[in-house]
Every structure is written in C-alpha cells, then in structure tokens.
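Asker: I have a structure I would like to understand better, so I am pasting it below and will then ask my questions one at a time.
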Amino acid sequence: LLFGNRIFGPIWNRDSVACVVLTFKEPFGTQGRGGYFDDFGIIRDVMQNHLLQMLCLVAMEKPASTSSDDVRDEKVKVLKCIAPVSMSDVVLGQYVGDPEGEGEAKLGYLDDPTVPKGSTQATFATTVLYVHNERWDGVPFILRCGKALNERKAEVRLQFSDVPG
C-alpha cells in the first residue's frame, strides 16, 4: 500500500499519523485446545509474531528490493528501534463465560477442561509500543489481540492527526 502508491508516502510518518492500531480479534475461545494455548498465551500465540509482523510492514522503510532478504533487513531495523515495553503500557485479561450466552459463549477460559485449574494465562492483551526512528518517533503503535471477543477482525488502522485550523 505504502510503496505502491505515491499518495501515502508524504503522510506516512509522525507528522501526519497520530497513532497506529493493530488489532486481531477472534469470536471464539480455545475450543478445547486450552491445554495447548495455556502454554503460550495470547502474547506468544498472536502478538509477538502476527502483530509484530504487521507493525514491521507498516513502519519499515522501502526495502532495496522485494527480495525476502531485503524485506527482512528492513523489518529488523524496525524491531531494533522499538523501546522495551513498560508494564504500565500493558493490559492483560482472560475471558469469562456469559451465563446468558449460548453454546461456547457460556464458558469462560477456566471452564475449558483442558485448561489447568486456576490458570492466569492471558487470553487478551493490549500494549503500546514506540518505534524510535526518524519516521515514527513519538507515534504510539497500539497492539490488541484476544479470544472470545465480539467479532472476527484483523486490521491495521492509522489515525491521522487533526489538520490545524
């Protein structure tokens, strides 16, 4: 989108973008795979791979070519510019059942018989990351992901800054 369309180039930066929101939502829970999921959680299952890949694609500079090595190198440059996460910039949660829901909606994460009793594994996570480079310095990248949410959605949303005047 960015590199194939000249209209976005001049505005794809901290001067025009107020924040970037990357979202991955699933409308279902662990569906009997809670034992597997409990070993990894939503951060390792979705955030650290899928959402970080998307963040890199949004934030990277144009690679020298479309070769996998050149694209990888630009992604690595982005990752090296991300500041360590502060726990004050993280929200974790775990879905619970809805007694008035139907089917799986009635069940919470801990109701899955494959989930260890008393598990505190996150099934929802939100964090704010900052890419400290010339293009994105100061722009929050908000990553959100979770299971048993209200819809299936995977999206990248750029919130542009207000125009003065």
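None of the figures in this text is laboratory data; all of them are computed from the coordinates on show. Here the structure is a predicted model, which is why all the values come from computation and not from measurement. No Cβ is skipped: glycine too gets one built from the backbone with ideal geometry, and neighbour counts run over all protein chains shown.
Asker: Once each part is reduced to its C-alpha centroid, what is the distance from the stretch 86-106 to the stretch 124-152 in angstrom?
Answerer: For the stretch 86-106 versus the stretch 124-152, the Cα centre distance is 18 Å.
Asker: Let me ask something else about it. Could you pull out every whole DSSP H run in the chain that spans at least 24 Å of Cα extent along its own axis and averages -1.0 or higher on the Kyte-Doolittle scale?
Answerer: Membrane-span-like by this criterion, though nothing is claimed about a membrane: none.
Asker: Report the calculated FRET efficiency for Arg44 and Asp162 (r = Cβ-Cβ distance, R0 = 30 Å), to the nearest 0.05.
Answerer: Once the sixth-power term is evaluated, E becomes 0.25.
Asker: Test of the criteria: in the stretch 58-140, which GluC sites (Glu not before Pro) are in a DSSP loop and have at most 11 other Cβ atoms within 10 angstrom of their Cβ?
Answerer: Glu100, Glu102, Glu134
Asker: Give me Val46, Val76, Val21, Val131 sorted ascending by neighbouring Cβ count inside 10 Å, so fewest comes first.
Answerer: Val76, Val21, Val46, Val131
Asker: Next question. Which percentage, to the nearest 5, of the DSSP beta bridges contained in the chain is antiparallel?
Answerer: Among the beta bridges of the chain, antiparallel pairing accounts for roughly 75 percent.
Asker: Along the Cα→Cβ direction, 7 angstrom out, place labels at Tyr36 and Lys77. What is the inter-label distance in nm?
Answerer: 3.7
Asker: Something else about it: So how do Leu107, Leu57 line up by other beta-carbon neighbours within 10 Å, fewest first?
Answerer: Ascending Cβ contact count within 10 Å gives the list Leu57, Leu107.
Asker: To one decimal place, what orientation-averaged projected area in nm² is obtained for the convex hull of the Cα set of the chain?
Answerer: Mean projected area of the Cα convex hull: 12.5 nm².
Asker: Let me ask you something else. For Lys147, go through the lysines and keep the ones whose alpha-carbon is under 24 Å away, minus same-chain ones fewer than eight residues off.
Answerer: Lys25, Lys106, Lys117
Asker: A follow-up question, please. Lysines within cross-link reach of Lys62: Cα-Cα under 25 Å, excluding same-chain residues under 8 positions apart?
Answerer: Leaving aside lysines fewer than 8 places away in the same chain, those within reach of Lys62 are Lys75, Lys77, Lys80.
Asker: Test of understanding: given the chain, find the longest segment containing no trypsin sites (Lys or Arg not before Pro) that are in a DSSP loop and have at most 12 other Cβ atoms within 10 Å.
Answerer: My reading of the result: 34-116 is the longest stretch.
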